[in-house]
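Single-structure report; data block below.
The values are calculated or read from the model by the stated rules, or taken from the named source; none is laboratory data. Just so you know, these numbers come straight off a predicted model, no measurement behind them. Here the Cβ positions follow ideal geometry from the backbone for every residue, glycine too, while neighbour counts run over all protein chains shown.
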Amino acid sequence: MVLKIFFPQCCNKADSGLLVGRWIPGQNSAVVLAVIHYPFIPGQVKQYIHQMRGQSGVDLTVLGSWSMPKEGQEGMESFLRDLSTIFPQGQWLQLSREMGKIGFRCHILTRDQNGKLVQQEKELKEENGVPDPQTESQLPQVFGTVCQSEPLFFLDKYDDSPVKLTHWQSEGREGSIIVELMKQASTPVCLLTTWILTLWTSLCSSRILNVRPMRFISSKLSTCVQLSYRTEHLQTVSSPTRASTHTHFMRKANIFVSFFVDVSLGLLLISWLYRENRIGKLANTLVPAADHVAKELEELLQWLMGAPAGLKMNRALDQVLGRFFLYHIHLWISYIHLMSPFIEMILWYVGLSACLGLTFALSLLSDITALLTFHIYCFYVYGARLYCLKVYGLSSLWRLFRGKKWNVLRQRVDSCSYDLDQLFIGTLLFTILLFLLPTTALYYLVFTMLRLVVVMFPGIFRSYRLAEGVKFRVLCEEPGTPLHLMMDINPLKVSSVIQTYRTTTYSCYPKDSWLALCKKLFLGELIYPWRHKTTKID
Amino acid sequence: MQNGDQQYSMEDETYTDIDGKAISLECQRHSGFCREFTVSSAKVSIGRVMVYTCAVWLTAYIIFFVTENTAVLSSAIIITLVGMMVHIHFVKVDHETLLIIGSLGVQVSSSYASGRESTDFIEMGKIKDIVINEAIHMQRVIYYLCILLKDPSEPDAVSSVVPLFQSSKPRLNCLVKVYKSCQEILAKC
């Protein structure tokens, strides 16, 4: 079986000494955590290792010896081999490296029954990067060992202690005062936030707000959905229990950072918005804009009622549909005019809500747009329903025309013999529907286009996949040395960072693929853009 | 062949992909239990690029001639450039590599024409086997190499299948070569 040794990259240039680390049980591999330099007293080394084992809970042992002889230091080989008698182990690693060469040499001395020294095949891995513990397989065990051996990394070769180490944090440990302060302040803040959130959730789940119509509306308004997501996330972040696994911790950290960025962006927006009475200007342009939209719609309907694009419509149906829609627009405009004195105040308060986060403000904006263009949505629904009915009627009567019938039980088309009067009436109806088709189809087409434009306006979020793990690269090595592999962390792609940052998506494309969408459009089925894609944060 | 020797062999005369385009397979033997296979597809051909660009620009010129709107020309240029950038960064795969390290795992990586690399590493504990599967696609039967993954808690069930060399789609002769080498290494550990 192949022996694998995980060796930190920083110890490449370390001076000769003893290797300290852990054998991973059952996998025939070893993780090297640090190198203890000469000179040392074996008794003190043993004591130190025993102390570290107790503090970190990791099964640390002396793995072997590392020698990188500098000029003038000869005769180390025999000294190193004698060390194996001082630290009795089942297997003793001897890694050595010569100046000017990249690869190591590795010899393994196993102590078997006769005390004979046996050599084995070996494979070396250099590791680099931040650990991330998960489950029970090999690589995560390596990372888990490094994580848990934190007490080992407190001493350094520059410290004035009997034991001088080199390890992966020798280049400098990262720390910051702000982080330490935040750690101290986090617990009381967490408790406070949890208490506020429990109050809020109990209020939300009270009987009054859970009546069916309210539920329906609140599930459609993206603001309410945002609020609920936000509450959920805050609850995750502020729970006083520590993150059990690292992924849990990463998720908490991500949520916290995203919330922080959100709120700061929202505050920026507020400061910009309230500066020069922009709210007033916005309110003053809103009502004329709604008026303008209504006027354009009226012109469009007049055009449809005439001879649009040279097509000849059925006069009566055209007039009916056109007048119906015109009356609808008239109602809508009166409603907007009724609301106009209150618009500025509403906008002012809405702007204040941006302090809860930029995404909240954006969702409010999209809700307002949806409410203001509600009449377009209504037109679309009427047009779509009419068209849908027509298409179904036509298809069924076409089947009758050919002497066939749709068998609901078997979900297929079967032949059927109709009576003469059935055939007569069916043919009449079919002809009527067929000739009325262009008119309905045109109305449907126009309003569907409008609806799609309104729906696509708020923007798109796409979902990407997470990519995280390790990657290996074969280092060029010299013959006679074992295989060297460089192990790097496979970085999270920017897209996956965006995905974990994004808390909810107001997904404006329909849920289905493009082909299904086209099919739905053709048949006249309604397209619902409100379905939210649930984010799977792994 | 000693341990740690690097053997380098290049054979690109006889391999094609399922559509008949020439591809090349490169096998590197890093050690007794570590092999690397690289399948390179054909590069972006200048002829095709020029044909597409000329077609797009000719259409743009015709539309400009009819409508006298200069925005058409600039939008055609932008579309061509953006389309080319998107194609070489996200779509066109230059070569795909399979690095198998005995008793450690398998690394699958694809490298795109713009230089971007996307890598994935699968541990040996999760790998059940590497097999060649058959698939019926439209009117033909194609072979593909795939890794069968297992859940460590249920070693007998296949939890998922990871297909390899999806962009280069080599034919059976190339796959058999890779398969034999992989099975040698999997048998050892």
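Filter the range A:42-65 down to the residues that are over 15 Å from A:L18 (Cβ atoms) and either part of a helix (DSSP H, G or I) or of a type in the set (K, R) (or both) and list them by number.
A:Q51, A:R53, A:G54, A:Q55, A:S56, listed by residue number.
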Return yes when B:L25 is within 25 Å of B:H87 (Cα to Cα) and in a strand (DSSP E or B) and no when it is not. yes
Scanning the range B:161-189 for residues that are of a type in the set (D, E, K, R) and either closer than 22 Å to B:S40 by Cα or not in a helix (DSSP H, G or I) (or both), which turns out nearest to the chain's Cα centre (by Cα)? B:K169
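If you go through the range B:79-102 one residue at a time, do you hit one that is touching a Ser or Thr at 6+ places or on another chain (Cβ under 6 Å), of a type in the set (G, A, S) and within 20 Å of B:V162 (Cβ to Cβ)?
No, every residue in the range B:79-102 fails to be touching a Ser or Thr at 6+ places or on another chain (Cβ under 6 Å), of a type in the set (G, A, S) and within 20 Å of B:V162 (Cβ to Cβ).
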Among residues belonging to the range A:359-370 that are of a type in the set (V, I, T) and touching a residue at least 60 places away in the same chain (Cβ under 8 Å), point out the one that is nearest to A:T285 (Cα to Cα). A:T369
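Residue by residue through the range B:30-45, note down the ones that are within 14 Å of chain A (Cβ to nearest Cβ) and not in a strand (DSSP E or B). It would help to see each step written out before you state the result.
Within the range B:30-45, the subset within 14 Å of chain A (Cβ to nearest Cβ) is B:30-38.
Within the range B:30-45, B:G32, B:F33 qualify.
For the range A:313-401, list the helices (runs of 4 or more DSSP H) that sit wholly inside it and hold at least 2 residues that are over 30 Å from A:I432 (Cβ atoms) and touching a helix residue (DSSP H, G or I) at 6+ places or on another chain (Cβ under 6 Å); which are they?
A:315-339, A:343-352, A:358-372
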Return yes or no: is A:G21 within 14 Å of chain B (Cβ to nearest Cβ) and either free of Cβ contacts under 8 Å to residues at least 24 places away in the same chain or under 17 Å from A:V146 (Cα atoms) (or both)? no
For residues that are modelled with pLDDT under 70, surrounded by fewer than 17 Cβ atoms within 10 Å (Cβ to Cβ) and not hydrophobic (A, V, I, L, M, F, W, C), scanning just the range A:247-283, find the one that is farthest from A:Q184 (Cα to Cα). A:T247
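The rows are residues; the columns are (1) within 14 Å of chain A (Cβ to nearest Cβ); (2) modelled with pLDDT under 85; (3) in contact with a Gly (Cβ under 7 Å, 6 or more places away or on another chain); (4) surrounded by fewer than 15 Cβ atoms within 10 Å (Cβ to Cβ).
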site: B:D17; (1), (2), (3), (4): no, no, no, no
site: B:Q28; (1), (2), (3), (4): yes, no, no, no
site: B:V51; (1), (2), (3), (4): no, no, no, yes
site: B:I100; (1), (2), (3), (4): yes, no, no, no
From the list A:L521, A:L475, A:L485, A:L445, which residue is under 19 Å from A:Y382 (Cα atoms), surrounded by 14 or more Cβ atoms within 10 Å (Cβ to Cβ) and modelled with pLDDT of 55 or more? A:L521
In the range B:143-171, what residues are away from chain A (no Cβ under 14 Å), crowded, with 16+ Cβ neighbours inside 10 Å and not small (G, A, S)? B:Y143, B:Y144, B:L145, B:C146, B:I147, B:L148, B:L164, B:F165, B:K169, B:P170, B:R171
Determine which single condition B:S74 fails, assuming it passes every other condition in (1) buried (at least 18 other Cβ atoms within 10 Å of the Cβ); (2) polar (S, T, N, Q); (3) closer than 30 Å to B:A60 by Cβ. (1)
Considering the range B:102-122, residues that are within 14 Å of chain A (Cβ to nearest Cβ) and surrounded by fewer than 18 Cβ atoms within 10 Å (Cβ to Cβ), and then whichever is farthest from the chain's Cα centre (by Cα), we arrive at B:I122
Any chance you could count how many residues in the range A:1-41 are in a helix (DSSP H, G or I) and modelled with pLDDT of 80 or more? 0
So which strands (runs of 3 or more DSSP E) are wholly in the range B:60-158 and hold at least 3 residues that are without any contact (Cβ under 8 Å) to a residue 40 or more places away in the chain? B:105-112, B:117-123, B:127-137, B:140-151
Can you list residue pairs whose Cβ atoms sit under 6 Å apart, with the first residue in the range A:335-358 being free of Cβ contacts under 8 Å to residues at least 60 places away in the same chain and the second being part of a helix (DSSP H, G or I)? Count only pairs 6 or more apart in sequence or on different chains. A:I336/A:A290; A:S340/A:V287; A:V350/A:L364
Might you check whether a residue that is within 30 Å of B:C189 (Cβ to Cβ), within 13 Å of chain A (Cβ to nearest Cβ) and surrounded by 13 or more Cβ atoms within 10 Å (Cβ to Cβ) occurs anywhere in the range B:128-135? no
Take the conditions within 14 Å of another protein chain (Cβ to nearest Cβ) and of a type in the set (D, E, K, R) and apply them to B:D94. Does it pass? no
Tally the residues that are under 27 Å from A:S96 (Cβ atoms) and of a type in the set (S, T, Y), restricting the search to the range A:49-66. 2
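Can we say A:L450 is crowded, with 18+ Cβ neighbours inside 10 Å, closer than 30 Å to A:R323 by Cα and in contact (Cβ under 8 Å) with a residue 40 or more places away in the chain?
In short, yes.
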